[in-house]
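Down below is the structure, laid out as structure tokens.
The values are calculated or read from the model by the stated rules, or taken from the named source; none is laboratory data. This one's a predicted model, so the numbers in the text were calculated from it and none came from an experiment. Every residue, glycine as well, gets a Cβ built from its backbone with ideal geometry; the counts of neighbours run over all protein chains shown. Protein only, heavy atoms only, side chains kept; ligands, DNA and RNA dropped before computing areas. Shrake-Rupley method; radii C 1.70, N 1.55, O 1.52, S 1.80 Å.
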Amino acid sequence: MSFREVITSPPLPKTDGVEREGLMKTEPQTLRDAHTDAASRRPRPEADASEWLTFHRANARMYREVSEVDRWHHHELRYWVGFEERKAEELAARIAAAITSS
């Protein structure tokens, strides 16, 4: 392999190390991938608040990571980071209020 081949080769996709159906699951690399991933992990509407809190925190982390990769959508991804963080903060406050009132 020449020096030129190394430089021009596309980067390998990140994987989370989980093998499903013979394929490695790749981490989202674009805004569209991130939205698809979030939709696939979305809890049931009747899920308890702690499950939704975990979901929103994971989304904020994922959108933040993707914003460093998908530079064309960096600012839109940063919006989604803020959105998910606000949702997580609201849920955390509701959970804390429910605990103190019981």
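For the reader, a short list of remarks on this structure follows.
- Conditions (1) more than 13 Å from Ala34 (Cβ to Cβ); (2) open to solvent by 60 Å² or more (accessible area, probe 1.4 Å); (3) without any contact (Cβ under 8 Å) to a residue 40 or more places away in the chain; (4) not hydrophobic (A, V, I, L, M, F, W, C); number of the one not met by Arg78: (1)
- Boolean, Arg57 is within 15 Å of Ala34 (Cβ to Cβ), out of contact with any strand residue (DSSP E or B) (no Cβ under 8 Å at 6 or more places or on another chain) and either surrounded by fewer than 19 Cβ atoms within 10 Å (Cβ to Cβ) or basic (Lys, Arg) (or both): yes
- Of the criteria (1) open to solvent by less than 90 Å² (accessible area, probe 1.4 Å); (2) at pLDDT below 95; (3) aliphatic (A, V, I, L, M), which one Ala38 fails: (2)
- Only one of the numbered conditions (1) exposed (fewer than 14 other Cβ atoms within 10 Å of the Cβ); (2) more than 14 Å from the chain's Cα centre (by Cα) is violated by Ile95, and that is (1).
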